[in-house]
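The values are calculated or read from the model by the stated rules, or taken from the named source; none is laboratory data. In this text the structure is predicted, and so the values were computed from the model without any measurement. Note that each Cβ is placed from the backbone with ideal geometry, even for glycine, and that neighbours are counted across all protein chains shown.
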Amino acid sequence: EDAGIQFSHTLEEQIRGQLKAGFQIVDLYEDTNGSGFLHEMGVPTFWATLAKKSAR
């Protein structure tokens, strides 16, 4: 298959980075790409956080 290689930071790196920067995770959303094997298996390929920075 002529698929390219993709790289991303781990979920741990991304969440930890937000927490270390002083953000509080308020909510999390995940979704699939809408087609293909991962979608058929229900594996999320996208996610987003709602975070807020505490006023100190």
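Only one residue in GLN18, GLN24 is in contact (Cβ under 8 Å) with a residue 24 or more places away in the chain and assigned to a helix (DSSP H, G or I), so which one is that? Going through GLN18, GLN24 in turn, just one is in contact (Cβ under 8 Å) with a residue 24 or more places away in the chain and assigned to a helix (DSSP H, G or I): GLN18.
Going by the conditions given, is GLU13 at pLDDT 90 or above and assigned to a strand (DSSP E or B)? Judged against the criteria, GLU13 is not a match. In the condition set (1) out of contact with any helix residue (DSSP H, G or I) (no Cβ under 8 Å at 6 or more places or on another chain); (2) on the phi < 0 side of the Ramachandran plot, ALA51 is compliant with all but (1). Residues that are in a helix (DSSP H, G or I) and of a type outside the set (A, V, I, L, M) within the stretch 27-40 comprise GLY36, PHE37, HIS39, GLU40, listed in sequence order.
Looking only at the stretch 22-56, filter to residues that are in contact with a strand residue (DSSP E or B) (Cβ under 8 Å, 6 or more places away or on another chain) and loosely packed, with under 10 Cβ neighbours inside 10 Å; which one of those is modelled with the lowest pLDDT? Out of the qualifying residues, it is SER54.
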